[in-house]
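The values are calculated or read from the model by the stated rules, or taken from the named source; none is laboratory data. What you are looking at is a predicted structure, and each value in this text was computed from that prediction instead of being measured. So basically every Cβ, Gly included, is an ideal-geometry build from the backbone, and we count neighbours across all protein chains shown. Note: accessible area is taken over every heavy atom of the protein model, side chains too, but ligands, DNA and RNA are not part of it. Shrake-Rupley method; radii C 1.70, N 1.55, O 1.52, S 1.80 Å.
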Amino acid sequence: MRDSFNTFLEKNLNLSQHQAVHHETGAILVVAGAGSGKTRVITARITHLILNKNVPPSSIVALTFTNKAASEMKERIAAFLGHHNELPFVGTFHSYCVQLLKKYQEYLPHPFLSILDSDDKQKMIQGILQRNNLQKQFTAKNISHMISQMKNHIDATSQPATEYLSHPMLTDVFNAYEAEKKASQCLDFDDLLLQALDLFKKNSFIKHKFQEKVRHILIDEYQDTNIVQHELLKAMALDEKNLAIDSVCAVGDEDQSIYSWRGATVTNMTNFKTVFPNTTIVTIDQNYRSVQEILTLANRTIENNTCRTPKNLWSEKQGKKRTLKLQCLTEYQEARAIAQLLLAAKSKYGLQNVGILYRTHTQSRAIEEALLKESIPYRIIGGIQFYERKEIKDLLAYLKIIVNPFDRTSFFRIINVPARGLGDKFEEAFYMQWADEPFATWQDIMKQLVKGGNLGKSKIATLESFVSIIQTLEPTTATSKALEHIILKTEYISYIKNSDEPQEAQARLDNIKELLDAVNHFQANGTTSIADFLDEVALMQDKMSKQNRDSQAVSLMTLHAAKGLEFDLVILPGIEEGIIPTTRSLNSNDAIEEERRLFYVGITRAREHLLITITKHRYSYGQMVDQFPSPFLREIPADLIPFEDCSYWNATQIQQFFAQWLGISPTAAKAPSQVYVPNYTPRPRVAAEKIEIHATSTKWKKNQPVKHTKYGVGTIQEIEEKTSGETHITVRFKNGVKKIIAQFLQKL
């Protein structure tokens, strides 16, 4: 096995990889760029130590972040070793800490018999809140998140980072939680790391015994370590400030550090060489994934970050016209253009080799609708389809019981959402009464329960409050008006904020905003009433359920979920200000750099083709808002990424253009002869197109009455003809003055 392995090393490692594998002693930091084969380096280094340096497998520990990564590494090492039965430890930080804690139980401050998972942790916290009448002020999920954040930012159990507890009273909740865990003889996941760290810090005997046995430590994805994990590695490998073991090898890439919200600290990697003396730094910058044109784009993007080790990804794979920046009119045209690209790309790459990567899940809604219309199968990775998300289903359930008062599923979904103090016994009584009278409406059953005299005054008042939310709404009511009324009366926004940790709550609030924008879009296209809107949604959901769910489906996911994946064709929609970087990141340079790293991760997922899309306008609370390209795009020289504006192309033009870009035979359909179909080479919009647009805009006159689907009737105050050919019209409505694109107004 040694000979075949050494042959592998000679033939399959480049010079930098070879250096990282054969570095024998001391600290080594391997800066492994995207697609550079870091897993190959780690597994080959471990095997080299065992086969060529006669290092016992039991003296090697390799720490990863996921069980999946650990399994892949173990499989590769086992294949290299062949007849060797013993394998080194390869697993997650948490799994290794469990082994340590069980081995040294007698040194722990209190007995440890079991591990609290996330659900058990929240149940324990919920019990503490209820016993102290705090359940209306705090939620178990929020407090669980705060405690985890606090523990991820400390380097000893004796130094709690209480600044992560947002309310002074939470310190008491935290102390009660710790006491209950102690009494239950259990630890949560964060405790596993902290208690292991304490073992090394407080027991020199354990530390020295560990260092006598474990002589080589390797850590994968070091850019994702938090403060505790960094301190744990120091405790394992150092004696005072000197390296006490034979080697410590950290592998990672600052440019792919995108998990600060989980506690990851990119400075752990940048400071590695100052913590571990005489660190050798090996940079692996040959990429085996992408064509050079895509890597050039990635390099010019990430070089604007300061918190990084400089490197320049390069590839032997060459190709021309592989990147494209496409401007669309709105997110709906953007979604349709993406669908046309998929129809063209299906024959070249297969849909399973295409990834649509967006900054937030809210962006999926318009794209999903466009894919459904074209019968393009898709799967959402790390999330769920837009109309299947909890907050969306909750609000739709309110609409459904307006249209269909016999809808039991929808009624029971929202009768206690947000919580109204109507417990399981009430719901059971309601259900039994309704089962006895299957032709009654929910209003009928409610009246009967109230008349029955078995409900207390508080429950009757609660039911009356619930009825008041619904009673003014009819199936013919405008959907936007109904939804805004329901959200306001139920205080649904506060319910979301109080139910989830901040990041998840913000994502759910963004989804609600996107639902409102979807409703306004439907209304602008003639679907105005609640009943009609629900019909449209039902048809879409029916298409979803009938979709082909085999491997031939395009993948939709956030940029965070895409890390570690790769696709022949990658589509990055909505690379615009306020989307990436997010508005929330603008006040922090560290946050801006992480957003840029996220964009970089998206670019480097692409093997062969990369499409970046931007829009001129997006729906926001019913208005078409002007959009601007992301500042990250402005950092890229124009000659590195060709640009096209397809704002006024039809579907045939777009599909033919994409066929040409991908280098495949165009479809049989031809664009109308009088319409200009551009070649791939970027060029300004032709004059004939401008003339046609201006000709249509001459119908608008000052003081002319117009109608808007949301704002009603108003009069024109100003008319602006943009150089792009668009007409922006300032209209005075009853509720104020609005500037709107002409195509969204109707002349009266």
Can you list residue pairs whose Cβ atoms sit under 7 Å apart, with the first residue in the stretch 428-456 being β-branched (Val, Ile, Thr) and the second being at pLDDT 85 or above and assigned to a helix (DSSP H, G or I)? Count only pairs 6 or more apart in sequence or on different chains. ILE445/PHE430; ILE445/GLN433; ILE445/TRP434; VAL450/ILE460; VAL450/LEU463
Condition set more than 10 Å from the chain's Cα centre (by Cα) and not in a strand (DSSP E or B), scope the stretch 550-562, selection surrounded by the most Cβ atoms within 10 Å (Cβ to Cβ): answer is ALA553
Looking only at the stretch 105-155, count how many residues are surrounded by 14 or more Cβ atoms within 10 Å (Cβ to Cβ), farther than 14 Å from SER184 by Cα and of a type in the set (Gly, Ala, Ser). 3
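On the given criteria, is ILE592 farther than 18 Å from ALA34 by Cα, touching a helix residue (DSSP H, G or I) at 6+ places or on another chain (Cβ under 6 Å) and not charged (D, E, K, R)? Write out each step before concluding.
Values: farther than 18 Å from ALA34 by Cα: yes; touching a helix residue (DSSP H, G or I) at 6+ places or on another chain (Cβ under 6 Å): yes; not charged (D, E, K, R): yes.
In short, yes.
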Let me confirm something: among GLN448, GLN506, which residue is over 30 Å from LEU129 (Cβ atoms), polar (S, T, N, Q) and assigned to a helix (DSSP H, G or I)? GLN448
Find the residue count for the stretch 614-651, including only residues that are open to solvent by less than 40 Å² (accessible area, probe 1.4 Å) and under 26 Å from SER347 (Cα atoms). 8
Cβ-Cβ under 7 Å, sequence separation 6+ or interchain: first residue in the stretch 635-652 and of a type in the set (A, V, I, L, M, F, W, C), partner assigned to a loop (DSSP other than H, G, I, E, B). Which pairs? PHE643/PRO682
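Yes/no matrix, rows are residues, columns are (1) open to solvent by 10 Å² or more (accessible area, probe 1.4 Å); (2) part of a loop (DSSP other than H, G, I, E, B); (3) free of Cβ contacts under 8 Å to residues at least 24 places away in the same chain:
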site: LYS209; (1), (2), (3): yes, no, yes
site: GLN223; (1), (2), (3): no, no, no
site: VAL228; (1), (2), (3): no, no, no
site: GLU231; (1), (2), (3): yes, no, no
site: MET236; (1), (2), (3): no, no, no
site: ALA264; (1), (2), (3): yes, yes, no
site: LYS273; (1), (2), (3): yes, no, no
site: GLU293; (1), (2), (3): yes, no, no
Output for the stretch 30-54, where each listed residue is surrounded by fewer than 23 Cβ atoms within 10 Å (Cβ to Cβ), at pLDDT 95 or above and among the hydrophobic types (A, V, I, L, M, F, W, C): none
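So, in the stretch 411-432, of the ones that are basic (Lys, Arg) and surrounded by 14 or more Cβ atoms within 10 Å (Cβ to Cβ), which residue ends up modelled with the lowest pLDDT?
Checking each candidate, the answer is ARG420.
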List pairs: first in the stretch 30-58 and among the hydroxyl-bearing types (Ser, Thr, Tyr), second assigned to a loop (DSSP other than H, G, I, E, B), Cβ under 6 Å, 6+ apart or cross-chain? SER36/ASN287
Got at least one residue in the stretch 178-189 being under 20 Å from TRP261 (Cβ atoms) and either open to solvent by 30 Å² or more (accessible area, probe 1.4 Å) or modelled with pLDDT of 90 or more (or both)? yes
Cross-chain or 6+ apart pairs with Cβ under 6 Å, the stretch 100-113 first and modelled with pLDDT of 90 or more, then surrounded by 11 or more Cβ atoms within 10 Å (Cβ to Cβ) and polar (S, T, N, Q): LEU101/GLN195; TYR107/ASN203
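Could you list all residues from the stretch 171-187 that are among the aliphatic types (A, V, I, L, M) and under 15 Å from ALA140 (Cβ atoms)?
Taking the stretch 171-187 first, the residues among the aliphatic types (A, V, I, L, M) are 173, 176, 179, 183, 187.
Correct list: VAL173, ALA176.
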Of the criteria (1) open to solvent by less than 10 Å² (accessible area, probe 1.4 Å); (2) closer than 19 Å to PRO629 by Cα, which one GLU331 fails: (1)
Identify the single condition in (1) open to solvent by less than 10 Å² (accessible area, probe 1.4 Å); (2) within 21 Å of THR362 (Cα to Cα); (3) in a strand (DSSP E or B) that LEU610 does not satisfy, given that it satisfies every other one. (2)
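What helices (runs of 4 or more DSSP H) lie completely within the stretch 380-442 and have 1 or more residues being among the acidic types (Asp, Glu)? Break it down into steps so the answer makes sense when it comes.
Details: elements: 390-403, 408-414, 424-436.
Filter on the stretch 380-442 gives 390-403, 424-436.
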Just one of the numbered conditions (1) at pLDDT 90 or above; (2) open to solvent by 70 Å² or more (accessible area, probe 1.4 Å); (3) more than 28 Å from GLY564 (Cα to Cα) is not true of ASN85; which one? (1)
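Restricting attention to the stretch 345-361, which residues are surrounded by 22 or more Cβ atoms within 10 Å (Cβ to Cβ) and not basic (Lys, Arg)?
Applying the first criterion (surrounded by 22 or more Cβ atoms within 10 Å (Cβ to Cβ)) to the stretch 345-361 yields 345, 354-359, 361.
Residues satisfying the conditions are ALA345, VAL354, GLY355, ILE356, LEU357, TYR358, HIS361.
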Any idea how many residues of the stretch 10-50 are more than 27 Å from PRO277 (Cβ to Cβ) and of a type in the set (Asp, Glu)? 1
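Just need a number here: residues in the stretch 115-138 that are in a helix (DSSP H, G or I), within 21 Å of PRO418 (Cα to Cα) and of a type in the set (D, E, K, R).
Taking the stretch 115-138 and keeping what is in a helix (DSSP H, G or I), we get 118-131.
Filter once more, so that each one left must be within 21 Å of PRO418 (Cα to Cα): 119, 122-123, 125-127, 129-130.
Those still in the list that are of a type in the set (D, E, K, R) too: 119, 123.
Of the residues in that region, 2 qualify.
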Quickly run through the stretch 300-326 and pick out the residues that are outside any loop (DSSP other than H, G, I, E, B), of a type outside the set (D, E, K, R) and surrounded by fewer than 20 Cβ atoms within 10 Å (Cβ to Cβ). TRP314
The residue that is surrounded by the most Cβ atoms within 10 Å (Cβ to Cβ), considering only those in the stretch 573-598 that are at pLDDT 90 or above and among the basic types (Lys, Arg), is ARG597
